[in-house]
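Visitor: One structure follows; several queries about it will come next.
The values are calculated or read from the model by the stated rules, or taken from the named source; none is laboratory data. Small disclaimer: the values here were computed from a predicted structure and weren't measured. Neighbour counts run over all protein chains shown; Cβ positions are idealised from the backbone, glycine included.
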């Protein structure tokens, strides 16, 4: 490790927050349907959408109506994408002439993109046509992120309401989040990426004649446009098999900075927007502080692991001066840029990678896994990270309330049994999906066939896969060959649980909170903008995640770490 | 639920047209007009106009007279630009240990200099266009001997194609392998070797 590496990590996090902050202020205006500079262009488009959808933009939905719309939209998106992938061979814009995708892979991929996970069982450049990439995957990259933002807006309104009956209108929140936020930032980012070297082409493969006379087939795609929304929408599904490690997706340290900042900026911005809409700016800043502290600690832990842990293979080969683990890392990024990306992508349910987590040292990979298991709230997916963090904040004030024997309040709303039941229902989905499926896969021969590495690393491949799927992350210990019926199906189910079985209780919780009267704080209220509260929140997040997952992590990354130490002594 | 049917279906159709077609095609048009070289994949052509590669895609140079890239896990022979892949081997994997041992022995047969980590590790993509400056410097005597030219001049060609950390802050110092080899061939054309 070196000072430049630490400086790059600190600078990256600081820049991400600095970009996200004004975006959040802008997004609060979008959610509140206030005027924006883009109205001139987008107002007519927006009005056209509502007319075609046949909705009344001023009619709010109660929590059941809102949740119903979310589910209907997810179902329609799944059906369209599944059909498109299956029929790929008959559809246009298929210069490589790929066949239709197998049923289990189409199921997995469609679920993966509708749930904002973007788990890649497919190898992009060898499986999917340009049409599938653009009209299928890119569309879901936008709208699954838009759906997450819409729910964040609904949760924010729930706290602002005083005996409110509605949470807003899902179709309006979705349309405005996509048109006014995701689309403009993606266009700007895509053009910036092209300028910095990322291709954007509709040509088929190009054949180069190398200097030594061999043919090299170079796969080109409209990369930049998908890269931009893949990052902004915390989607993470790459055009290429190796995602943002591919030099055409991410050719320079500058494109890397653009991509890693856009990976987290909007999720941080969502917290700021929440604070404005809910009328709780200071409290939102406390949530943001907790996120930054935890993701920063994660990045520091991964960077330390990748640079300080001795490497058995190097020691065995007699290479004594090995300052960093570079297996699976690109020369242009090195350990620091790979570590900060790994922390930001696993803290954020993005799942894009610029290095192969499957070759990380045990604790580095373990921290990446733990960041996902903490609930994808650091800062989490766009929208979903915010509402996950609010759930944690409710649990934190609830625990604090139990300690002093008072009914807890958060942002002027009494937190009572109904809200806590919904919150617990939501947070229990993760251990159920992750540990339940992992336990079965660990003893099932058909599942074990997919593993590349043996022993604790093999268990880590399983655990990482289900953590990634249930957390809607999408990154992998890619040694796992997941494109097989068992893995495609169970990972698809884990993704659905992690997305919708989390979302619906959260919307129900928002409905319950909206219906309560808004109270003024009293002397007995725990201030939720203080350092004490930030500490309490971090404690709850770590204790909850640790209690659930530490036994499994002890059998995977932790025991492997001691094996590495033993092998290099 | 029935009330949601129309907006769900209609919105998916509209979003597909706007985000799946208009957005990527619009960005493609703008990108091709504003930055045609980058948008087309940063391809490099030789004097007769043939494409010899992309600036960003590594090639599997084996010749002694060329700067060699890092090991690659992409495709059977490495550097398969249509099938990117890392090795995904964990730190205790026996295959990884065996591969690094073999590679290290081959490198030691060439030179007693210390072996830089990137010379025996595969990249994430298997298409890494760069090597570290230490890795390049270690290869200078071999390249100079194969081309029968002074080592200092080879080192100068490498130095001219070396980039530092961007803004002194981002990423690692690196040498573009294809750019170096094109420059070497331009300086000392193959026929004269």
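Visitor: Scan the range A:270-282 and tell me whether some residue there is more than 9 Å from every other protein chain (Cβ to nearest Cβ), closer than 20 Å to residue B:41 by Cα and part of a loop (DSSP other than H, G, I, E, B).
Guide: Checking the range A:270-282: not a single residue is more than 9 Å from every other protein chain (Cβ to nearest Cβ), closer than 20 Å to residue B:41 by Cα and part of a loop (DSSP other than H, G, I, E, B).
Visitor: Taking the options A:220, A:203, name whichever one is surrounded by 24 or more Cβ atoms within 10 Å (Cβ to Cβ), within 11 Å of chain B (Cβ to nearest Cβ), over 30 Å from residue A:70 (Cβ atoms) and at pLDDT below 95.
Guide: Sole residue among the options that is surrounded by 24 or more Cβ atoms within 10 Å (Cβ to Cβ), within 11 Å of chain B (Cβ to nearest Cβ), over 30 Å from residue A:70 (Cβ atoms) and at pLDDT below 95: A:220.
Visitor: Which of the residues spanning the range B:118-134 are part of a helix (DSSP H, G or I) and either more than 8 Å from chain A (Cβ to nearest Cβ) or surrounded by fewer than 24 Cβ atoms within 10 Å (Cβ to Cβ) (or both)?
Guide: Of everything in the range B:118-134, those that are part of a helix (DSSP H, G or I) and either more than 8 Å from chain A (Cβ to nearest Cβ) or surrounded by fewer than 24 Cβ atoms within 10 Å (Cβ to Cβ) (or both) turn out to be B:119, B:133, B:134.
Visitor: Now a separate question. Mind checking whether some residue in the range A:55-77 is modelled with pLDDT of 95 or more, over 27 Å from residue A:110 (Cα atoms) and not in a loop (DSSP other than H, G, I, E, B)?
Guide: Looking for residues that are modelled with pLDDT of 95 or more, over 27 Å from residue A:110 (Cα atoms) and not in a loop (DSSP other than H, G, I, E, B), one finds none in the range A:55-77, hence no.
Visitor: Taking into account only those residues within the range A:315-329 that are under 37 Å from the mean Cα position of the chain (by Cα) and at pLDDT 90 or above, which is farthest from residue A:365 (Cα to Cα)?
Guide: Applying the filter and picking the extreme gives A:315.
Residues checked against (1) surrounded by 15 or more Cβ atoms within 10 Å (Cβ to Cβ); (2) in contact with a helix residue (DSSP H, G or I) (Cβ under 7 Å, 6 or more places away or on another chain):
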{"site": "A:11", "(1), (2)": "yes, no"}
{"site": "A:17", "(1), (2)": "yes, yes"}
{"site": "A:22", "(1), (2)": "no, no"}
{"site": "A:27", "(1), (2)": "yes, yes"}
{"site": "A:39", "(1), (2)": "no, no"}
{"site": "A:55", "(1), (2)": "yes, yes"}
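A quick yes/no check of all residues on (1) farther than 21 Å from residue A:519 by Cα; (2) out of contact with any helix residue (DSSP H, G or I) (no Cβ under 9 Å at 6 or more places or on another chain); (3) within 14 Å of another protein chain (Cβ to nearest Cβ):
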| position | (1), (2), (3) |
| --- | --- |
| A:397 | no, no, no |
| A:405 | no, yes, no |
| A:436 | yes, no, no |
| A:452 | yes, no, yes |
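Visitor: Still on this structure, please answer the following. Which ones in the range B:90-114 are under 16 Å from residue A:315 (Cβ atoms) and outside any helix (DSSP H, G or I)?
Guide: B:90, B:91, B:92, B:93, B:114
Visitor: Right, another one. Run down A:543, A:462, A:558 and say which single residue is within 14 Å of chain B (Cβ to nearest Cβ) and free of Cβ contacts under 8 Å to residues at least 60 places away in the same chain.
Guide: None of the others qualify; the one that does is A:462.
Visitor: Just checking: which of the helices (runs of 4 or more DSSP H) contained wholly in the range A:464-569 hold 3 or more residues that are in contact with a helix residue (DSSP H, G or I) (Cβ under 9 Å, 6 or more places away or on another chain) and under 20 Å from residue A:421 (Cβ atoms)?
Guide: A:485-514, A:531-553
Visitor: Turning to a different aspect of this structure: Of the residues A:510, A:478, which is within 25 Å of residue A:296 (Cα to Cα), in contact (Cβ under 8 Å) with a residue 60 or more places away in the chain and buried (at least 20 other Cβ atoms within 10 Å of the Cβ)?
Guide: None of the others qualify; the one that does is A:478.
Visitor: For the range B:148-159, which residues satisfy the criterion of being in contact with a helix residue (DSSP H, G or I) (Cβ under 7 Å, 6 or more places away or on another chain) and either within 14 Å of another protein chain (Cβ to nearest Cβ) or outside any loop (DSSP other than H, G, I, E, B) (or both)?
Guide: Result: B:151, B:154, B:155, B:157, B:158.
Visitor: Which residues, counting only those in the range B:56-105, are touching a residue at least 60 places away in the same chain (Cβ under 8 Å) and at the interface with chain A (Cβ under 8 Å from one of its Cβ atoms)?
Guide: Correct list: B:56, B:57, B:58, B:59, B:61, B:63, B:66, B:70.
Visitor: Identify, please: which residue in the range A:48-62 is facing another protein chain (nearest Cβ under 8 Å) and in contact (Cβ under 8 Å) with a residue 40 or more places away in the chain and is, among those, farthest from residue B:13 (Cα to Cα)?
Guide: In this case the residue turns out to be A:55.
Visitor: Then there's this: So which of A:401, A:375 is outside any strand (DSSP E or B) and at positive phi?
Guide: Criteria check complete, one pass: A:375.
Visitor: So which of A:174, A:193 ends up being closer than 26 Å to residue A:388 by Cα, at the interface with another protein chain (Cβ under 10 Å from one of its Cβ atoms) and assigned to a helix (DSSP H, G or I)?
Guide: Selected residue: A:174, the only one of A:174, A:193 that is closer than 26 Å to residue A:388 by Cα, at the interface with another protein chain (Cβ under 10 Å from one of its Cβ atoms) and assigned to a helix (DSSP H, G or I).
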